[in-house]
Amino acid sequence: MTAKEAITSTPVAQPEWGLLKILRETFEWFGELGLFVWRFIRAALTPPYEGRELLRQMDEIGAKSLPLVALAGGAIGVVLSMQTRDSLVRFGAKSFLPIVIVMSIIKESGPIITALVMSGRIGAGIGAELGSMKVTEQIDAIEASAVNPHKFLVVTRILACMLMLPLLTLAADFCGIMTGWVANALSDRTPLQLFINNGFEDVGFDDLFPSLLKALVFGFIIGLMGCFQGMRASGGTEGVGRASTSAVVLSSLFVILADVVLVRLIIMFFP
Amino acid sequence: MKMENNSSEPAIRMQDLHKAFGQQVVLNGVNLDVPRGQTLLVLGRSGTGKSVLLKLLIGLQKPDQGEIEINGAPVTSLPLKELNETRKKIGFLFQNAALYDSLTVEENVAFPLRRHSDLQDSEIRERVRELLAQVGMESALQKMPANISGGMKKRVGLARALALDPEIMLLDEPNAGLDPITAGEIDELIRDMQQERGITSVVVTHDMRSVHTIADRVAMLNRGAIVAEGTPEELKQSDDPFVVNFLQEKQEK
Ligand SMILES: Nc1ncnc2c1ncn2[C@@H]1O[C@H](COP(=O)(O)OP(=O)(O)O)[C@@H](O)[C@H]1O
Ligand SMILES: [Mg+2]
């Protein structure tokens, strides 16, 4: 047998080497994701629009997450205030406390904490909901009723996430700054008025706007991962669990990775 | 009234349908015509691809090869918009009913009406009540799908399939899991639909009684192909070993 024959006569279904398989599956996953995003953009831009369902999702995703986000924002405010105070006092720069808290909440802590909390709540929720609709043929049923499931389920959820994340981020910012002041006021009786004046002295639109843009991107990532993992669920109840878990893991991961890239871009464009 | 097209042309025409999932060949050259206004019963063991066949007909899955025409429209190659126009004329009952589990029974049946009719809210409610009464489920209006039995889900699914007054019905085991009395009622309903409104139906079933009550024609699916097709009488006189075997087995149960 010549070398050439040996190669060509290799059976087709040879066992795949572990790492190679992972690589191939990763490429496939990104390919499918790209296609999914393309379908989302097309479905979002062409009529008919699902206005009523969008509003319902905004309520579901936005209004009902408000308490959780407010709590998380508030906790971060307290922690930041306590930690920074300690450091600033050591350097004799205590008067910078308000601006440090306001800046770090608006620029970073507010958006990222909101996005991570929402990855957990909404990523899991959407992943499980769409996943179970997929495996019980409800998505087929929607399609059979001549309704586009992409428009009806995916576009509405992703858009709702994109619209609500900036608003929720503002809520988290507000709560964080308030509790930041309270925590500070316990040891140092700065009036709220003064705290706010000092804190926002140097904060302008260029600080707030990029952060809200960032929150919008985070919203896109969270909605996308929930919908994508949900819509490709298969294999009964177990598949629903997998879809939900992977949606949370992937959206948290991509939120953090996107944050790195976005901060870099923001520093470039809003110096 | 519904016979707008040339009535000699079949309402549904399947030509040489092939479908495989990976290595597994499910359909291997299915040819079938369903004449307008008639009810075709598709019989076959479980796992032979009866559900897949119905999903091909409404375009939820694409055949690997072959053509499907519904009212002369080529379902396999229609653009989505036109496919959806055809889908609006078809009532589809899924094997497991596939009710939307975030909606009440009432809203499930109302879904197609809200999407595709100009009816007012109150008219929709009226129509939903009527539809649910037809399948004997009017008392479950406000229940959630998770809280009703499998047989009840089937009946709600049937009401939902009937909501838009379809020309064609595709029913996947409409009376599996129902008690004999309800199963008989469902059969009666399907027959009434066909007689009063000239609905064309494809019904997948295991229930041999349906052969006598609703079928105009019967087709038997085995190993990916139609092994026998004809009127119930023709089928009973068949000497094809598979057909004889299948009919006997079922009769004994
Ligand atoms: N989406 C799918 N992916 C892979 N295999 C499938 C899919 N749908 C159906 N099958 C397979 O096709 C075969 C026929 O299924 P089905 O049409 O549900 O049978 P039945 O005649 O009982 O309705 C089964 O073996 C099933 O596993
Ligand atoms: Mg089936």
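The values are calculated or read from the model by the stated rules, or taken from the named source; none is laboratory data. Owing to the predicted nature of the structure, the values given are computational and were not obtained by experimental measurement. Glycine also receives a Cβ, built like all others from the backbone with ideal geometry; neighbour counts cover every protein chain displayed. Quick note on the areas: whole protein, heavy atoms, side chains included, nothing else; ligands and nucleic acids left out. Shrake-Rupley method; radii C 1.70, N 1.55, O 1.52, S 1.80 Å.
Cβ-Cβ distances below 6 Å connect the following pairs, each with a first residue in the range B:46-62 that is away from chain A (no Cβ under 14 Å), a second residue that is near ligand 1 (Cβ under 10 Å from one of its atoms) and in a loop (DSSP other than H, G, I, E, B), and a separation of six or more residues or different chains: B:K50/B:G44. Of all the criteria given as (1) more than 16 Å from ligand 1 (Cβ to nearest atom); (2) among the hydrophobic types (A, V, I, L, M, F, W, C); (3) touching an Asp or Glu at 6+ places or on another chain (Cβ under 8 Å), the one not satisfied by B:L83 is (3). The set of residues from the range B:210-234 being open to solvent by 10 Å² or more (accessible area, probe 1.4 Å) and farther than 26 Å from B:A163 by Cα comprises B:H212, B:N222, B:R223, B:A225, B:I226, B:V227, B:A228, B:E229, B:T231, B:P232, B:E233, B:E234.
Per-residue answers, yes or no, for (1) touching a Pro at 6+ places or on another chain (Cβ under 7 Å); (2) surrounded by fewer than 20 Cβ atoms within 10 Å (Cβ to Cβ); (3) modelled with pLDDT of 90 or more:
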| residue | (1), (2), (3) |
| --- | --- |
| B:A20 | no, yes, yes |
| B:L40 | no, no, yes |
| B:G44 | no, no, no |
| B:L60 | no, yes, yes |
| B:K89 | yes, yes, yes |
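For A:E129, the test of being within 14 Å of another protein chain (Cβ to nearest Cβ) and in contact (Cβ under 8 Å) with a residue 60 or more places away in the chain is passed. Being among the aromatic types (F, W, Y) and under 27 Å from A:L97 (Cβ atoms) is a condition met by no residue of the range A:249-262. Based on this model, can you work out whether B:T200 counts as away from ligand 1 (no atom under 16 Å from the Cβ), surrounded by fewer than 21 Cβ atoms within 10 Å (Cβ to Cβ) and of a type in the set (V, I, T)? So B:T200 fails the test. Given the structure, is A:L213 without any contact (Cβ under 8 Å) to a residue 60 or more places away in the chain, part of a helix (DSSP H, G or I) and open to solvent by 40 Å² or more (accessible area, probe 1.4 Å)? It is true that A:L213 is without any contact (Cβ under 8 Å) to a residue 60 or more places away in the chain, part of a helix (DSSP H, G or I) and open to solvent by 40 Å² or more (accessible area, probe 1.4 Å).
Of all residues in the range B:139-195, exactly one satisfies the criterion of being away from chain A (no Cβ under 14 Å), touching a residue at least 40 places away in the same chain (Cβ under 8 Å), more than 22 Å from A:A146 (Cβ to Cβ) and within 16 Å of ligand 1 (Cβ to nearest atom), namely B:A176.
Residues that are under 22 Å from A:I222 (Cα atoms), over 22 Å from the mean Cα position of the chain (by Cα) and not acidic (D, E) within the range A:16-44 comprise just one, A:F27. Residues that are over 15 Å from the mean Cα position of the chain (by Cα) and within 14 Å of chain A (Cβ to nearest Cβ) occur in the range B:121-130; there is at least one. Scanning the range A:144-156 for residues that are facing chain B (nearest Cβ under 7 Å) and buried (at least 23 other Cβ atoms within 10 Å of the Cβ) yields a count of 2.
Taken together, A:L88, A:L97 contain a single residue that is modelled with pLDDT under 90 and surrounded by 24 or more Cβ atoms within 10 Å (Cβ to Cβ), which is A:L97. Would you be able to say whether some residue in the range A:122-134 is closer than 30 Å to B:A161 by Cα and open to solvent by 50 Å² or more (accessible area, probe 1.4 Å)? Within the range A:122-134, one or more residues are closer than 30 Å to B:A161 by Cα and open to solvent by 50 Å² or more (accessible area, probe 1.4 Å). Scanning the range B:161-173 for residues being at negative phi and open to solvent by 20 Å² or more (accessible area, probe 1.4 Å) gives a total of 2. Check whether at least one residue in the range B:3-16 is within 16 Å of ligand 1 (Cβ to nearest atom) and away from every other protein chain (no Cβ under 14 Å), and report yes or no. Yes, that holds for at least one residue. B:D64 falls short of the stated requirement of being more than 16 Å from ligand 1 (Cβ to nearest atom) and open to solvent by 20 Å² or more (accessible area, probe 1.4 Å).
Each residue in the range B:202-242 was checked for being more than 16 Å from ligand 2 (Cβ to nearest atom), of a type outside the set (K, R), assigned to a strand (DSSP E or B) and under 17 Å from the mean Cα position of the chain (by Cα), and 1 of them qualify. Restricting the range B:99-117 to residues that are open to solvent by less than 50 Å² (accessible area, probe 1.4 Å) and within 8 Å of chain A (Cβ to nearest Cβ) leaves a set whose member that is farthest from A:E53 (Cα to Cα) is B:L99.
Yes or no: B:E85 modelled with pLDDT under 90, surrounded by fewer than 19 Cβ atoms within 10 Å (Cβ to Cβ) and either away from chain A (no Cβ under 14 Å) or under 19 Å from the mean Cα position of the chain (by Cα) (or both)? In short, no.
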